[in-house]
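K.L.:
Let me give you the structure first, and then I'll get to my questions.
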Amino acid sequence: MIPSHSKSYRPELDGLRSIAVLAVVFYHFATPGFSGGFVGVDIFFVLSGFFIGRLLWVELSQTGSINYLNFLFRRLRRLAPAYFLMLIVVSVVAYQVLLPFEYRFFGKELISSTVYLSNIMYFREEGYFDIGADSKNLLHTWSLSVEEQFYIFLPLILLLLSRWMHAQIWVIAALLATSFIACVILTKVSQPATFFLFPFRAWELLTGVLLAILGQRQNTSWTIHATVSWLGITLILGSIVLMPAGNGFPGALALFPVLGTALLIINGRHNNIINRTLSHRVPVFIGLISYSLYLWHWPLMTLSKYTSDGDLSVLQKAALICLAVVFAWVSWRFVETPFRRGAVSGKVFLSGAAIASIFTLGTGGMIYLKDGAPGRFPDDIRIHVDAAGDFLQDWSRCETATTGPWAQIELCPIGPEGPPRVLIWGDSHTRAFKEGLEMAAWEADIPALIIWRAGCPPLLGIGKEEDTATPMQNDACAQTNAQIASAIADLEAVEALLLIGRWAYYAEGTGVGRDAHININLFPMPDSPVTGATQKQILASAFAHSIETQSVNFDQIYVLRQVPEIAWYSARDTARRLVHGHLDTAKDLSRIARAEAEIRAQGADGILASLPETATVLDPWPMFCDQEECSAIHEGRSNYFDNNHITNTGARRVRQLFEGLFQDLQEAG
């Protein structure tokens, strides 16, 4: 049932909600023309601020106070029933389809979503091996967490200012301005923080609050001129169609959808085609179910994509969107509406909410503590299931200095305490080998130090442009390498250097097999002795320059030959396809003909073969290959995480590679 028009009801704002939720839904389903559909969340923020700000200000102005607990109870009654229904249903489905690593992560999601802190968790869950956004089945709850945090603080702020009603506007305006300025400045430094965290999104919600209070105090008619509505809808639709996704948002870019929403609110009562269209039964209906539609569309998409073999087809996406609308209507009609109208007493509702919270918290904790319940799968699939999660490591000894020669560089000691005698420097392959390196250091009783940066060759005199990295990350590679080279003299006890990298990737400029679409371009830095007309020549020159430069600081220099790349293997993808019946056997994916692997590696291997005699190359190939083929599987366990990174199991198995390095230091000691 669509509400009748009343003095306080604003049907055009329900219509605006429909634009917001459809923008988000179509964006998440990668619909052409909705590249900026994520701004639907910003529209929701402004609308939420307006509705809640109006509600609280009216209560405060009429009674002189705000019943804080009653307000929170009403919010809980409005939002919790549909929310917990979604959480419980998704939990049941997740048990059936998610692999242990993703299921373990889902346990964390479930806990943080239950207590409306998921935005903080997602902000902190960045990492090189972190699962992709479309594998985070409760990712959409981040915005709901921001709103809930807003509901906690706004009434307290208004109550604090209740004795100085005339100052409310100025204080809220000041908070809005502070939040906006911080958002703009910090987006350039830490975009995830400004995207996920409440203090940097507060200005969007406070925009709505400010409009609500000004409107109520001035008893505005919410009508100015048709031009205002046209400008507002242009800003919103332009943002949905043109807004670029990426590290520049929110920042100042969020001002466009926020301003557009504010203009439509200000002029919402004006009789023009924009407002009449927004007030039509269809957009109003979609606006009414928008909360439930937002709740259901994301897990429907992520779980369907997770169980499919490849990308979803256009027909599949259309069917899922329709299914999300059906779920949303059922949830709105039979869950949201009855509870909002008091279908059960307050005590019964609070008891049910408490039970649901305990259930989701307990379920999430159990999933996490049981490591995602790997026992659900048969042994032949467990080979790949186990490898998919076999990269978690203890980096608690790492420290990042804020001043001095090592400022802002993470230094990770391994082995016994003491000044490091070995420096291990490299890219993400260094992290992959960490468990084996650490065992070797402990067994030799020699302290060592690890420094690693993903996608950054540990060589001097070159820069890189990688299409999977941000411009800031690309620039930081050469800058950090130069800083490390200058700071090495500070390590007085260090005697040996071990360089680790995905050398074939740097030599060829592209990935291989399943990651053949990624590219990296190396180039000589200004005033650097590195030269070369081709990528291989530049890499060879950078190696020669680096070995020559570092020979002054190190008695021994070692370079680890890259492990063979198993072009089409991924433990996660292989396990997922086996579990969901899209693959009968993983045998062909988990191995590669040695001749094919050597062709891929020949450019990098040629460079390593021509290194000065002062450098020793460590070769892991005999541990992964025989004369005919190279394989990810050894003694019934997968030693590869993806097509070029080994697992912790693989790293521990090949630790003997480093025995010679540490033994030489033992003898020298």
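The values are calculated or read from the model by the stated rules, or taken from the named source; none is laboratory data. Note that the structure is a prediction, hence the values are computed from the model and not measured. Cβ: placed from backbone, ideal geometry, glycine included. Neighbour counts: every protein chain shown. Accessible surface is based on the protein model in full, side chains and every heavy atom, while ligands, DNA and RNA are left aside. Shrake-Rupley method; radii C 1.70, N 1.55, O 1.52, S 1.80 Å.
K.L.:
Of all residues in segment 554-584, which are open to solvent by 30 Å² or more (accessible area, probe 1.4 Å), modelled with pLDDT of 90 or more and within 18 Å of I424 (Cβ to Cβ)?
P.N.:
Q556, R561
K.L.:
Sticking with this one: Within segment 527-537, can one find any residue that is without any contact (Cβ under 8 Å) to a residue 60 or more places away in the chain and open to solvent by less than 60 Å² (accessible area, probe 1.4 Å)?
P.N.:
Checking segment 527-537: at least one residue is without any contact (Cβ under 8 Å) to a residue 60 or more places away in the chain and open to solvent by less than 60 Å² (accessible area, probe 1.4 Å).
K.L.:
Go through segment 508-519 and give me each residue that's closer than 19 Å to G606 by Cα and open to solvent by less than 50 Å² (accessible area, probe 1.4 Å).
P.N.:
G509, T510, G511, V512
Every residue, every condition in (1) charged (D, E, K, R); (2) under 26 Å from S135 (Cα atoms), yes or no:
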site	(1), (2)
Y558	no, no
L583	no, yes
A604	no, no
S610	no, no
E628	yes, no
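K.L.:
A follow-up question, please. Is it true that P612 is of a type outside the set (S, T, N, Q) and assigned to a loop (DSSP other than H, G, I, E, B)?
P.N.:
Yes, satisfied.
K.L.:
If you don't mind, another one. Residue check: is L589 in contact with a Ser or Thr (Cβ under 6 Å, 6 or more places away or on another chain), in a loop (DSSP other than H, G, I, E, B) and of a type outside the set (F, W, Y)?
P.N.:
yes
Here is a yes/no grid of residues against (1) open to solvent by less than 10 Å² (accessible area, probe 1.4 Å); (2) more than 24 Å from the chain's Cα centre (by Cα):
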{"position": "A454", "(1), (2)": "no, no"}
{"position": "I462", "(1), (2)": "yes, yes"}
{"position": "T468", "(1), (2)": "no, no"}
{"position": "Q479", "(1), (2)": "no, yes"}
{"position": "A493", "(1), (2)": "no, yes"}
{"position": "I500", "(1), (2)": "yes, yes"}
{"position": "Y506", "(1), (2)": "yes, yes"}
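K.L.:
In this structure, is I88 β-branched (V, I, T), surrounded by fewer than 24 Cβ atoms within 10 Å (Cβ to Cβ) and in a helix (DSSP H, G or I)?
P.N.:
Values: β-branched (V, I, T): yes; surrounded by fewer than 24 Cβ atoms within 10 Å (Cβ to Cβ): yes; in a helix (DSSP H, G or I): yes.
Yes; evaluated as a whole, the condition is true for this residue.
K.L.:
Where the second residue is part of a loop (DSSP other than H, G, I, E, B) and the first is of a type in the set (K, R) and lies in segment 491-508, which pairs have Cβ atoms under 8 Å and are six or more apart or on separate chains?
P.N.:
These pairs meet every condition: R502/D427; R502/Q562; R502/N644.
K.L.:
Are any of the residues in segment 414-434 among the acidic types (D, E), open to solvent by 10 Å² or more (accessible area, probe 1.4 Å) and over 24 Å from A540 (Cα atoms)?
P.N.:
Within segment 414-434 (the criterion being among the acidic types (D, E), open to solvent by 10 Å² or more (accessible area, probe 1.4 Å) and over 24 Å from A540 (Cα atoms)), the answer is yes, since at least one residue qualifies.
K.L.:
Report, ordered by the first and then the second residue, all pairs with beta carbons closer than 6 Å, sequence separation of six or more or different chains, a first member in segment 354-368 that is farther than 18 Å from F101 by Cα and modelled with pLDDT of 95 or more, and a second member that is among the polar types (S, T, N, Q) and crowded, with 18+ Cβ neighbours inside 10 Å.
P.N.:
Pairs found: S357/T114; T360/T114; L361/T114.
K.L.:
Moving on to the next point. Considering each of S590, S638 in turn, give the residue that is surrounded by 20 or more Cβ atoms within 10 Å (Cβ to Cβ) and touching a His at 6+ places or on another chain (Cβ under 6 Å). I'd like the intermediate steps shown before the answer.
P.N.:
Numbers: S590 fails: touching a His at 6+ places or on another chain (Cβ under 6 Å).
None of the others qualify; the one that does is S638.
K.L.:
May I ask you to verify whether D605 is open to solvent by 30 Å² or more (accessible area, probe 1.4 Å) and farther than 24 Å from G660 by Cβ?
P.N.:
The answer is no for D605.
K.L.:
Next question. Do you know which residues across segment 394-413 are open to solvent by 40 Å² or more (accessible area, probe 1.4 Å) and not hydroxyl-bearing (S, T, Y)?
P.N.:
From segment 394-413, those open to solvent by 40 Å² or more (accessible area, probe 1.4 Å) are 394-397, 399-400, 402-405, 408, 410, 413; that's our starting set.
If the condition is that a residue be open to solvent by 40 Å² or more (accessible area, probe 1.4 Å) and not hydroxyl-bearing (S, T, Y), then D394, W395, R397, E399, G404, P405, Q408, E410, P413 are the ones that fit.
K.L.:
Considering only residues of segment 145-190 that are assigned to a helix (DSSP H, G or I) and of a type in the set (S, T, Y), which is farthest from Q216 (Cα to Cα)? Outline the logic, then answer.
P.N.:
Residues of segment 145-190 assigned to a helix (DSSP H, G or I): 145-160, 162-187.
Pick out the ones that are also of a type in the set (S, T, Y) and you get 145, 151, 162, 178-179, 187.
Working: S145: 27, Y151: 20, S162: 15, T178: 24, S179: 24, T187: 34 Å.
Applying the filter and picking the extreme gives T187.
K.L.:
Collect the residues in segment 110-153 that are of a type in the set (A, V, I, L, M), at pLDDT below 95 and open to solvent by less than 10 Å² (accessible area, probe 1.4 Å), keeping them in residue-number order.
P.N.:
The answer is I131, and nothing else.
K.L.:
Tell me, which residue of segment 166-216 that is among the charged types (D, E, K, R) and over 22 Å from G268 (Cα atoms) is modelled with the highest pLDDT?
P.N.:
Checked segment 166-216; the qualifying residue modelled with the highest pLDDT is R201.
K.L.:
Hey, another quick one. Let me confirm something: among L47, L60, L16, which residue is modelled with pLDDT under 95, of a type outside the set (D, E, K, R), in a helix (DSSP H, G or I) and open to solvent by less than 10 Å² (accessible area, probe 1.4 Å)?
P.N.:
The unique qualifying residue is L60.
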